[in-house]
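Chemist: The structure that follows is given in the form of structure tokens.
The values are calculated or read from the model by the stated rules, or taken from the named source; none is laboratory data. In this text the structure is predicted, and so the values were computed from the model without any measurement. Every residue, glycine among them, receives a Cβ derived from its backbone with ideal geometry; neighbour counts consider all protein chains shown.
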Amino acid sequence: MKLLITGARGQLGLALQRRLSTAHDVVGVGHAELDISDAVACERLIAQIRPDVVLNCAAYTAVDKAETDPTTAFAINATGAGNVAAACAAHRAFPIHFSTDYVFDGNATRAYVETNQTNPLSVYGQTKLQGEQAVVAASPAHMIFRLSWVYGNDGANFYKTMLRFAAERPTLRVVADQFGVPNYTGDLAEAIATVLSRPRAELERLSGLYHLSAVGVTTWCDFARAIMSGAGLATQVEAIATTEYPTPAKRPAFSVLDSAKFAAAFAVAGVLWRDGLERCLAAR
Ligand SMILES: NC(=O)c1ccc[n+]([C@@H]2O[C@H](COP(=O)([O-])OP(=O)(O)OC[C@H]3O[C@@H](n4cnc5c(N)ncnc54)[C@H](OP(=O)(O)O)[C@@H]3O)[C@@H](O)[C@H]2O)c1
């Protein structure tokens, strides 16, 4: 298949480009080549490339900055998501979109399924939810994958920040009262490769919203400890409460995503997040 990846220089975009290029004809465009908030540019590029599938990895992901810049976050995460999906619909391309666990408020005590009520706590979460709605409205054929705690060896993410801080500080203080599941970009790319091994008609039949996550649950603090131990670093990680590390954007206290719908639709077993971390560290 011919694939177009937008936001292709981000951490997920890079991992998808690397993995999917082994089986497909992939064109990746970064922010400089396509600004998804520009509807005309989206339409023109998709008309020119004529992809079978468009994977939209472009997003405004600065969660805290979005609180004081909601207009830009909305233009990219909501309007931009709709622009890409509308251009897909106009040119018979199948849109694959990525969303977030931050559409939930974190008051649940069991892993979230796709039908659970959303209630974002932050501007980022609100604009990502509006993006999901824009995709559904623009293209009846679509897949939306909600992801959580994405990390890898590319770009900026918690895992890389912890490794950098560990080289500079003897002790790290990390919040221990937010629960979620870290997801290695390499594993997410593998899961999307499985999706794209299906014929186009099958993708259309399986249209809809999916939670896509590794298995297990942890906290940022225990994730940081696992990173230190996996990397062979002696740096101590001290557990702190969210109240001791105030941020402009409020995060859900619990944002575990249940991937059972994805596993059933694509006949794949979920990977353990700790195994993903091992693969990520080994790929450094
Ligand atoms: N990171 C996480 O923990 C996480 C968790 C859940 C869901 N997700 C979702 O997963 C997807 C991929 O995220 P990621 O972690 O790969 O993010 P990322 O590393 O920040 O990549 C996003 C990319 O989008 C580009 N971009 C920003 N504005 C754009 C625009 N107007 N037009 C085109 N490109 C634009 C950025 O380029 P510039 O930097 O040059 O602007 C960047 O390369 C996003 O939908 C995100 O919401 C991420």
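Chemist: Only one residue in Ala85, Ala73, Ala66, Ala41 is assigned to a helix (DSSP H, G or I) and in contact with a Pro (Cβ under 7 Å, 6 or more places away or on another chain). Which one? Full working, then the answer.
Modeler: Numbers: Ala73 fails: in contact with a Pro (Cβ under 7 Å, 6 or more places away or on another chain); Ala66 fails: in contact with a Pro (Cβ under 7 Å, 6 or more places away or on another chain); Ala41 fails: in contact with a Pro (Cβ under 7 Å, 6 or more places away or on another chain).
Testing whether each residue is assigned to a helix (DSSP H, G or I) and in contact with a Pro (Cβ under 7 Å, 6 or more places away or on another chain) leaves just Ala85.
Chemist: Go through the stretch 231-284 and give me each residue that's among the small types (Gly, Ala, Ser) and under 14 Å from Gln178 (Cα atoms). Steps first, please.
Modeler: Residues of the stretch 231-284 among the small types (Gly, Ala, Ser): 231-232, 234, 239, 241, 249, 253, 255, 259-260, 263-265, 267, 269-270, 276, 282-283.
Once the filter is applied, which keeps residues that are among the small types (Gly, Ala, Ser) and under 14 Å from Gln178 (Cα atoms), the stretch 231-284 yields Ala239, Ala241, Ala249, Ala253, Ser255.
Chemist: Provide a single number: the residues in the stretch 1-33 that are in a loop (DSSP other than H, G, I, E, B) and more than 8 Å from the ligand (Cβ to nearest atom).
Modeler: In the first step, residues of the stretch 1-33 are kept if they are in a loop (DSSP other than H, G, I, E, B); the result is 1, 7-10, 21-24, 30-33.
Those still in the list that are more than 8 Å from the ligand (Cβ to nearest atom) too: 1, 21-24, 33.
Number of matching residues: 6.
Chemist: Now for a different question. Just the residues that are touching a residue at least 12 places away in the same chain (Cβ under 8 Å), of a type outside the set (Val, Ile, Thr) and in a loop (DSSP other than H, G, I, E, B), please, taken from the stretch 178-226. Reasoning before the result, please.
Modeler: So in the stretch 178-226, the residues touching a residue at least 12 places away in the same chain (Cβ under 8 Å) come out as 178-198, 200, 203-204, 206-226.
Going one step further and asking which of them are of a type outside the set (Val, Ile, Thr), we end up with 178-180, 182-184, 186-191, 193, 196-198, 200, 203-204, 206-214, 216, 220-226.
Once the filter is applied, which keeps residues that are touching a residue at least 12 places away in the same chain (Cβ under 8 Å), of a type outside the set (Val, Ile, Thr) and in a loop (DSSP other than H, G, I, E, B), the stretch 178-226 yields Gln178, Pro182, Leu196, Ser197, Arg198, Leu206, Ser207, Leu212, Ser213, Ala214, Gly216.
Let's see how each residue does on (1) of a type outside the set (Asp, Glu); (2) crowded, with 19+ Cβ neighbours inside 10 Å:
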residue	(1), (2)
Ala108	yes, no
Val123	yes, yes
Lys128	yes, yes
Glu132	no, yes
Val135	yes, yes
Asn153	yes, no
Phe165	yes, no
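Chemist: Next up: I'd like to check something: does the stretch 118-128 contain any residue that is near the ligand (Cβ under 10 Å from one of its atoms), in contact (Cβ under 8 Å) with a residue 12 or more places away in the chain and among the basic types (Lys, Arg)?
Modeler: Within the stretch 118-128, the subset near the ligand (Cβ under 10 Å from one of its atoms) is 124-125, 127-128.
Among the residues that remain, those that are also in contact (Cβ under 8 Å) with a residue 12 or more places away in the chain are: 124-125, 127-128.
Then keep just the ones that are among the basic types (Lys, Arg); that gives 128.
Yes, the stretch 118-128 contains at least one residue that is near the ligand (Cβ under 10 Å from one of its atoms), in contact (Cβ under 8 Å) with a residue 12 or more places away in the chain and among the basic types (Lys, Arg).
Chemist: Taking interchain pairs and intrachain pairs at least six residues apart, which have beta carbon atoms under 6 angstrom, with the first residue in the stretch 24-37 and closer than 11 Å to Val53 by Cα and the second within 14 Å of the ligand (Cβ to nearest atom) and at pLDDT 95 or above?
Modeler: So the pair list comes out as Val26/Gln17; Val27/Leu4.
Chemist: Here's another thing I want to ask about it. Just name the residue that is farthest from the chain's Cα centre (by Cα) out of those in the stretch 34-81 that are closer than 25 Å to Glu202 by Cβ and within 13 Å of the ligand (Cβ to nearest atom).
Modeler: Among those that are closer than 25 Å to Glu202 by Cβ and within 13 Å of the ligand (Cβ to nearest atom), it is Val54.
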